[in-house]
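Nothing in this text is a laboratory measurement; each read-out follows from the coordinates by a stated rule. Values in this document were obtained by computation on a predicted structure and should not be read as measured data. Cβ coordinates were reconstructed from backbone atoms using ideal geometry, including for glycine residues, and neighbour counts include every protein chain displayed.
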Amino acid sequence: MKRILLSILLGAALAALCSASAHAGDVAAGKLLFETNCASCHGVTGKGDGPVGAALNPKPRDLSVGEFKFDTDGDGTPGTDSDIKNIVQKGAGAYGGSMLMAPWPTFSDADIENVTVYIRTLKQ
């Protein structure tokens with residue numbers, strides 16, 4: 001009985017580790033990048049209500065909804081981490097979206113990972 005319980009606990013711990021590594025990234029670093037580079041359009045809470053965003057047409061996406069439009073990697077599912085990373089790096093215009101969603105080609109891979117992880121936290 002103890003072996004079965006130990007096996008279950010080890011399996012659960014391994015699953016948790018695998019899940020955490022699938023979404024590796026520094027949320028705090030992503031938040032800083034978001035607030036510095038994205039919040040002027042998307043707003044501090046990601047609702048698309050930033051001061052610059054108020055003047056844009058179309059309005060910036062409300063990231064707090066957690067619904068994304070583009071399937072940039074062609075896997076049949078819009079809004080995967082890969083899709084968010086592509087939009088951040090190349091801009092929405094590269095995928096038929098608004099040219100107003102600027103690309104951030106100067107972000108490192110780690111920066112893109114961090115801001116992607118942070119964007120996921122905005123969903124309410």
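With a simple spin-label model that places each label point 7 Å from the Cα along the Cα-to-Cβ direction, the separation between VAL52 and THR77 comes to 3.1 nm.
A simple spin-label model places the labels of ALA28 and LYS69 3.5 nm from each other, with each point 7 Å out along Cα-to-Cβ.
In straight-distance terms, cross-link reach from LYS123 covers every one of the lysines whose alpha-carbon lies under 28 Å from its own, apart from those fewer than eight places away in the same chain; here that gives LYS31, LYS47, LYS59, LYS69, LYS85, LYS90.
Given +1 on the Cβ of Lys and Arg, -1 on the Cβ of Asp and Glu, and no further charges, what dipole in debye does the stretch 25-121 carry about its Cα centre, rounded to the nearest 20?
360
Among the GluC sites (Glu not before Pro) in the stretch 21-124, those located in a DSSP loop and surrounded by at most 15 other Cβ atoms within 10 Å of their own Cβ are GLU67. When a/c is below 1.5 the answer is rounded, else prolate if a/b is larger than b/c, else oblate, so apply that to the stretch 25-121 with a ≥ b ≥ c taken from the square roots of the Cα gyration tensor eigenvalues. Since a/c stays below 1.5, the shape of the stretch 25-121 is classed as rounded.
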